[in-house]
1. Among all residue pairs at least 6 apart or on different chains, which show Cβ distances below 6 Å where the first residue, located in the stretch 41-70, is more than 19 Å from Asp160 (Cβ to Cβ) and open to solvent by 30 Å² or more (accessible area, probe 1.4 Å) and the second is modelled with pLDDT of 95 or more and assigned to a strand (DSSP E or B)?
2. Which residues, counting only those in the stretch 142-176, are part of a loop (DSSP other than H, G, I, E, B) and touching a residue at least 60 places away in the same chain (Cβ under 8 Å)?
3. Could you give me the residue pairs with C-beta distances under 6 Å whose first residue belongs to the stretch 90-105 and is over 17 Å from Glu74 (Cβ atoms), whose second residue is part of a loop (DSSP other than H, G, I, E, B) and open to solvent by less than 100 Å² (accessible area, probe 1.4 Å) wherever it lies, and which are 6+ apart or on separate chains?
4. Which of the residues spanning the stretch 111-141 are touching a residue at least 40 places away in the same chain (Cβ under 8 Å), under 20 Å from Asn170 (Cβ atoms) and basic (Lys, Arg)?
5. Determine, yes or no, whether Ser174 is within 18 Å of Ser37 (Cβ to Cβ), open to solvent by less than 30 Å² (accessible area, probe 1.4 Å) and either touching a Pro at 6+ places or on another chain (Cβ under 8 Å) or among the polar types (S, T, N, Q) (or both).
6. Among the residues of the stretch 152-166 satisfying the criterion of being of a type in the set (A, V, I, L, M) and surrounded by 15 or more Cβ atoms within 10 Å (Cβ to Cβ), which is modelled with the highest pLDDT?
7. Determine which single condition Asn108 fails, assuming it passes every other condition in (1) open to solvent by 50 Å² or more (accessible area, probe 1.4 Å); (2) under 14 Å from Leu175 (Cα atoms).
Amino acid sequence: MKIIDSLKQSIGQYLLQKKLVKENKGIVQYNKFFSESINFLVLMPTDEHDFNNCFEILRFFLIHKKNVYLVVPEYKVSLVPEYNRYRHIKYTLDCKNKLGLPTKEFINEIMKKEFDVVVDLNRDDDLFLSAISTSVDVKFRIGFRKEKSDLLYNFQIPADQINSEISYRNLLNSLRMF
């Protein structure tokens, strides 16, 4: 069974990578990108410890009056402090296809909305959430440096492998510059 799951994961990664290579990566100007952006799609971490350490970033968005859409597993929505102040795009296992990629229906639901920035708060690779981040037509994609992240994000933050609080603080400090 592990061999089949590994094969599915590899095929899913290949399809995602193939799509990313086709995209045109032009020059992006970062001057005031945060202050001038309104709608943020935030991909919440799948790791429990990371999930609990990223809330300061969410508060930062609220303080700056940003519209925040959280992509979060359905069972975790109520675990987000002040969850009613955010919009939610909830997902379940039914939102993933056999290769671990988002279903077309789930992507279409997300694409009905317009976003200025995608922020992936996962420090580890997650094929499902990486595919979501690339499916949305935005100028700015922010995420942590990880394997093949050059294809995913045009603004990358180094991830501290031991302490996620440091990683999220670095992300927050980077956003404050813009």
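The values are calculated or read from the model by the stated rules, or taken from the named source; none is laboratory data. Keep in mind the model is a prediction, meaning the values are calculated, not measured. Positions of Cβ are backbone-derived with ideal geometry, glycine not excepted, and every protein chain shown enters the neighbour counts. Keep in mind that these areas ignore ligands, DNA and RNA; they rest on the heavy atoms of the full protein, side chains included. Shrake-Rupley method; radii C 1.70, N 1.55, O 1.52, S 1.80 Å.
1. Qualifying pairs under 6 Å: Asn67/Asn39; Tyr69/Leu41; Tyr69/Arg87; Tyr69/Ile89.
2. Selection gives Lys148, Asn154.
3. That search, which allows pairs on different chains as well, returns Asn97/Thr103.
4. Residue satisfying the conditions is Arg123 alone.
5. yes
6. Ile157
7. (2)
This table checks each residue for (1) closer than 21 Å to Glu147 by Cβ; (2) over 16 Å from the mean Cα position of the chain (by Cα).
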{"position": "Ile38", "(1), (2)": "no, yes"}
{"position": "Phe55", "(1), (2)": "no, no"}
{"position": "Leu58", "(1), (2)": "no, no"}
{"position": "Val68", "(1), (2)": "no, no"}
{"position": "Leu79", "(1), (2)": "no, yes"}
{"position": "Ile89", "(1), (2)": "no, no"}
{"position": "Leu99", "(1), (2)": "yes, yes"}
{"position": "Asn108", "(1), (2)": "no, yes"}
{"position": "Asp125", "(1), (2)": "yes, no"}
